[in-house]
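Asker: So that we are looking at the same thing, I have put the structure below in structure tokens.
The values are calculated or read from the model by the stated rules, or taken from the named source; none is laboratory data. On a predicted model such as this, the values are computed, not experimentally measured, just so you know. Neighbour counts run over all protein chains shown; Cβ positions are idealised from the backbone, glycine included. These area figures cover heavy atoms from the full protein model, side chains too; ligands, DNA and RNA do not enter into them. Shrake-Rupley method; radii C 1.70, N 1.55, O 1.52, S 1.80 Å.
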Amino acid sequence: MANHQLPKNPHVRPRGTDLPDSEEPSMLGVALLYFHEQFAELCIQEPLVHSGDPEAVHDMRTATRRLRSVLEIYGNLFATDPCQSLKRELKWLSGVLGRTRDAEVILDRLRTRINELPAEWQTAKITGALEHGLHAPGTTGHKRTRKKLSSKRCRRLLKNLEHFRDHPPAAGPVVRPTRVEVATLVNHQARLADRSFRAALRSEPGRERDEALHRLRKDTKRLLHAAEAAAAPHPKHSVALGRRVRKLQRILGNYQDSVMTREYLETFIVDPDLPAETRQAYQRIIAVERLIAEAAERQYLQVRRKSPALRLRH
């Protein structure tokens, strides 16, 4: 990542936030500080992905999503064209990393389920088939990801992110104070998550419920990013909100990982040449994952109902 200079001090204020410490940061400063931090994280993780570190894929994908979120949440502070272009390319990069990360998650999850199979099913014939079905796409996915990260498109995106960081295309003058304005943006994201929650409650079990909870997970994740970005003007309350939202996000993540694992196995069950023993193992794992998803759904409802309102106090 030699072409993308990292800040010597990760806590240094990026351009647009250079206010005296006694003053409240501007709206633009709040957005740029979070953008600055996440771009630094992306630059750190990119070479680690090339080195084969599996956790780096997750961490780089998370930084990519956070960058996209801050451009969504604070988009009206920036010129439209560069902001939209970056969001579009960050979505592409998140997809590149996501395919590899999803394969890793499914592999880890299936290994756990395999170890839970009855002793008489712990044979090389069955477990070997399950492992082989995941190793091949996983290895291919890592190679494809590294190739994409070395592409002209990715290098251009990184240069554009660096330019945005160093020369932010502000759409208007810096405005302060910001405590109320930042809280308003965070609480807008909270209302979107509330709306998705109500839609999930109305959804029918099955595919419709899976899609509704996936939408809720995305909105909850964006709310988490909004709370994280609000740390400068709301250091105490943003941490408290982030803690509650993160707990809900983990539950929804467990649900979504179960959905992905079941969908992956269901693509193999339809194969008429699949050995009977392997098919039986797949079906058992699918049944277990369905129970896990149902438990996660109940847990989410319990935690959500016992939690204070997902709002940032100001």
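Asker: Once every DSSP H run of n ≥ 4 in the chain is given -39500 (n - 2.57) and the sum is divided by its residues, what mean residue ellipticity at 222 nm do you get, rounded to the nearest 500 deg cm²/dmol?
Answerer: On the way: 9 runs with 235 residues, N = 314.
Value at 222 nm, helices only: -26500 deg cm²/dmol.
Asker: Along the charge dipole of the chain, which of Thr178, Ala199, Ala226 sits closest to the positive end, that is, farthest toward it, with unit charges on the beta carbon of Lys, Arg, Asp and Glu (+1, +1, -1, -1)?
Answerer: Ranked along the dipole, the leading option is Thr178.
Asker: What accessible area, in Å² to the nearest ten, does a 1.4 Å probe give for Lys147?
Answerer: Its heavy atoms expose roughly 150 Å² to the probe.
Asker: Report the relative contact order of the chain, percent, no decimals, based on alpha-carbon pairs under 8 angstrom and at least 6 residues apart.
Answerer: 21 percent.
Asker: For the chain, with equal point scatterers placed on the C-alpha atoms only and solvent neglected, what are the log10 I(q)/I(0) values from the Debye formula at q = 0.07, 0.15 1/Å, to two decimals?
Answerer: -0.33, -1.24
Asker: Once fully extended, how much extra length lies between Gln283 and Glu211, figured as 0.36 nm per residue of separation less the alpha-carbon to alpha-carbon distance? Before the final figure, lay out each step's value.
Answerer: On the way: separation 72, 0.36 × 72 = 25.92 nm, distance 2.21 nm.
My answer for the length gained is 23.7 nm.
Asker: Normalise the Debye intensity by I(0) for the stretch 179-309, one equal point scatterer per Cα, no solvent, then take log10 at q = 0.13, 0.22 Å⁻¹ and round to two decimals.
Answerer: -0.61, -1.22
Asker: Now for a separate question. Using 0.36 nm per residue of separation minus the Cα-Cα distance, give me the extension gain between Thr112 and Asn160 in nm, one decimal.
Answerer: Working: separation 48, 0.36 × 48 = 17.28 nm, distance 4.11 nm.
The Thr112-Asn160 span can extend by a further 13.2 nm.
Asker: Show Arg243, Arg262 ordered by accessible area, largest first, where the area counts protein heavy atoms only and the probe is 1.4 Å. Don't jump to the answer; show the numbers that get you there.
Answerer: Working: Arg243 145, Arg262 25 Å².
Listed by decreasing accessible area, they come as Arg243, Arg262.
Asker: Students sometimes get this wrong: rank Met260, Met60 by accessible area, probe 1.4 Å, all chains present, largest first.
Answerer: On the way: Met260 30, Met60 0 Å².
Ranked from most to least accessible, the order is Met260, Met60.
Asker: Moving on to the next point. What residues have an amide H closer than 5 Å to that of Phe78, excluding those fewer than 5 places away on the same chain, when H is modeled at 1.01 Å from N in the peptide plane?
Answerer: The answer is Ala171.
Asker: Contour minus end-to-end for Ser85 and Arg243, with contour as 0.36 nm per residue of separation and end-to-end as the Cα-Cα distance? All intermediate terms of the calculation are to be shown ahead of the outcome.
Answerer: Numbers: separation 158, 0.36 × 158 = 56.88 nm, distance 3.16 nm.
Extending this stretch completely gives an extra 53.7 nm.
Asker: Using mean Cβ contacts within 10 Å as the protection proxy, how do 287-293, 236-242, 111-117, 200-206 order, highest first?
Answerer: Numbers: 287-293: 15.9, 236-242: 17.7, 111-117: 14.1, 200-206: 12.0.
Peptide ranking by packing, descending: 236-242, 287-293, 111-117, 200-206.
Asker: Can you give me the three principal axis dimensions of the stretch 184-225 from its C-alpha atoms, in Å, biggest first?
Answerer: 34, 15, 7
Asker: Positive end of the charge dipole of the stretch 230-310 (Lys, Arg +1 and Asp, Glu -1 on Cβ, about the Cα centre): tell me which of Leu301, Val239, Val270 has its Cα farthest that way.
Answerer: Val239
Asker: Can you tell me the alpha carbon radius of gyration of the stretch 33-97 divided by the globular rule-of-thumb value 2.2 N^0.38 Å?
Answerer: Working: Rg = 12.1 Å, N = 65, 2.2 N^0.38 = 10.7 Å.
Against the compact-globule rule of thumb, the ratio is 1.12.
Asker: Straight-line reach from Lys247: which lysines fall under 24 Å, measuring Cα to Cα and dropping same-chain residues less than 8 apart?
Answerer: Within the straight-line limit of under 24 Å, Lys247 reaches these lysines: Lys218, Lys221, Lys236, Lys306.
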